[in-house]
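Below is one structure; the comments refer to it alone.
The values are calculated or read from the model by the stated rules, or taken from the named source; none is laboratory data. What you are looking at is a predicted structure, and each value in this text was computed from that prediction instead of being measured. Here the Cβ is made from the backbone with ideal geometry for all residues, glycine too, and neighbour counts use every protein chain on show.
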Amino acid sequence: MKVYTEFTVPSNTPATAPVTTEIKLSAGTITYCHIYFPPGSGGYLYIQIWYNGHQLIPWQRGKWLRGDDLLVPDYGQYPCIEAPNRLTIKGYNTSTEYEHSALIGVEITPYSPIVGSLEDLALVGRRFV
């Protein structure tokens, strides 16, 4: 499953009251995530990505990412099994004149059910007894 969204933050949005949006995900593992700061944001736009109350990006707690014409990839493996499966994007904008946007992309590999007969599963279980 691939999810892409544009995240826009109005001018004069303070860090103490960031804009937030949520992305609903299916259960699985996030295998890739990126933030693209297009040209023109001038480093005024700051972004964090959270999963169920845990900061994923950037890895340093309490820090924010910013950039101008910059792609920030993340190849971490983040299991998404706790309901609700939602990413929260937070952002603030120090520009006094312009809103700024970033493009967010997430790839998630869904969980696969176990395939096999009950006899096969019993055989595997007996090997560990």
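What pairs come out if I take residues in segment 1-22 that are at positive phi and pair them with residues that are modelled with pLDDT of 95 or more and in a strand (DSSP E or B) whose C-beta lies under 8 Å away, six or more apart or interchain?
Here the result reads 12/93, each pair linking segment 1-22 to a residue that is modelled with pLDDT of 95 or more and in a strand (DSSP E or B).
Restricting to segment 63-105, name every residue that is in a strand (DSSP E or B) and without any contact (Cβ under 8 Å) to a residue 40 or more places away in the chain.
65, 70, 71, 72 - these are the residues of segment 63-105 that are in a strand (DSSP E or B) and without any contact (Cβ under 8 Å) to a residue 40 or more places away in the chain.
Just to be sure, is residue 51 closer than 13 Å to residue 85 by Cβ, buried (at least 18 other Cβ atoms within 10 Å of the Cβ) and under 16 Å from the mean Cα position of the chain (by Cα)?
Yes, satisfied.
Could you grab me the full set of residues in segment 15-44 that are under 12 Å from the mean Cα position of the chain (by Cα) and among the polar types (S, T, N, Q)?
Listed by number, the residues that qualify are 21, 29, 31.
The conditions are (1) surrounded by fewer than 15 Cβ atoms within 10 Å (Cβ to Cβ); (2) modelled with pLDDT under 90; (3) in contact with a Phe, Trp or Tyr (Cβ under 6 Å, 6 or more places away or on another chain), and residue 71 fails exactly one of them. Which is it?
That leaves (2) as the condition not met.
When you go through (1) among the polar types (S, T, N, Q); (2) assigned to a strand (DSSP E or B); (3) free of Cβ contacts under 8 Å to residues at least 12 places away in the same chain one by one for residue 60, which number turns out not to apply?
All conditions are met except number (2).
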